[in-house]
1. Considering only strands (runs of 3 or more DSSP E) fully contained in segment 41-128, which possess at least 1 residues that are under 11 Å from the mean Cα position of the chain (by Cα), farther than 26 Å from residue 198 by Cα and at pLDDT 95 or above?
2. Return yes or no: is residue 168 exposed (fewer than 14 other Cβ atoms within 10 Å of the Cβ), assigned by TED's automatic domain parsing to the domain that holds residue 234 and not in a helix (DSSP H, G or I)?
3. When the residues of segment 260-274 are narrowed to those that are outside any loop (DSSP other than H, G, I, E, B) and in contact with a helix residue (DSSP H, G or I) (Cβ under 7 Å, 6 or more places away or on another chain), which ends up modelled with the lowest pLDDT?
4. From the list 111, 146, which residue is within 20 Å of residue 51 (Cβ to Cβ) and in contact with a helix residue (DSSP H, G or I) (Cβ under 6 Å, 6 or more places away or on another chain)?
5. Out of 208, 252, I need the residue that is under 23 Å from the mean Cα position of the chain (by Cα) and within 17 Å of residue 132 (Cβ to Cβ). Which one?
6. With the requirement that a residue be loosely packed, with under 14 Cβ neighbours inside 10 Å and closer than 13 Å to residue 152 by Cβ, what does segment 179-190 give you?
7. Out of 221, 244, 257, I need the residue that is over 15 Å from residue 119 (Cα atoms), in a loop (DSSP other than H, G, I, E, B) and in contact (Cβ under 8 Å) with a residue 60 or more places away in the chain. Which one?
8. Output the residue which, of all residues in segment 50-70 that are touching a residue at least 40 places away in the same chain (Cβ under 8 Å) and surrounded by fewer than 17 Cβ atoms within 10 Å (Cβ to Cβ), is farthest from residue 114 (Cα to Cα).
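The values are calculated or read from the model by the stated rules, or taken from the named source; none is laboratory data. Please read these numbers as outputs of a predicted model, since none were measured by experiment. Quick reminder, even Gly has a Cβ in these numbers, built from the backbone with ideal geometry, and neighbours come from all protein chains shown.
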């Protein structure tokens, strides 16, 4: 084979390699677009629809969720919002921020709170942001209250022969401490802080549910209620499900023919979008659900610590 033929063959291989790379990039782009359409936030949101978000697990200061709610508020295509809640509560501050973000959505379009299995403490706080609260007959809700907890390890330290010395600028600095029993002054400081947040929570429920404050105080002893009990106590508006939600939205001018679109977390906006996409693929194909990113939430890896005052229903706690 002469040199000219060899050179032509090499050029042909280079061209084929180039177009193979172009085709691969194109296919990856198409796959990513299909992934965003199938699994991404607001899939199908280019048409008029009812937006739905899910709030589950422990509630914290969730920046991504707040930004998603802001986008729903600004979306001309989202004609209403359904907030589906399955949560025992979480930080009081986290519940407060989500509550205010939902109220901003409600300034522009109808909002329904859909209490599923459980919406207690900060979960119920968020539910009150809806124009209408719908619960199941056996849903659990209520637990209106605030709690502050801190560990005590001073007895353990004494047993192992470890002591802690400290020099601080004032008696209440870094109190309460896990290294020694709290003083009465420290307990009073924390109690005042808890009661201030508690009063805010009670006022919020009284305002949103249009109930006398004295009546809310009777309900705000930390007690939980079934959906039926909550309806009697006027903590929810309706017992039912999806059909009842659509009936209410229709009364607010939102057609029952509009599709319900789940606005999900934008995993792809993370620097780990490729890993998320692959995890979703594996999850959807059933090849290994255990490695999907969402499975981390089962083990609480993203919720190991709750900072600040907590409004959460704790089973078995006094």
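1. 49-59
2. Judged against the criteria, residue 168 is a match.
3. Within segment 260-274, the match that is modelled with the lowest pLDDT is 268.
4. 111
5. None of the other options fit; the residue is 208.
6. Hits for segment 179-190 are 181, 187.
7. From the options 221, 244, 257, the qualifying one is 221.
8. Of everything passing the filter in segment 50-70, 64 is farthest from residue 114 (Cα to Cα).
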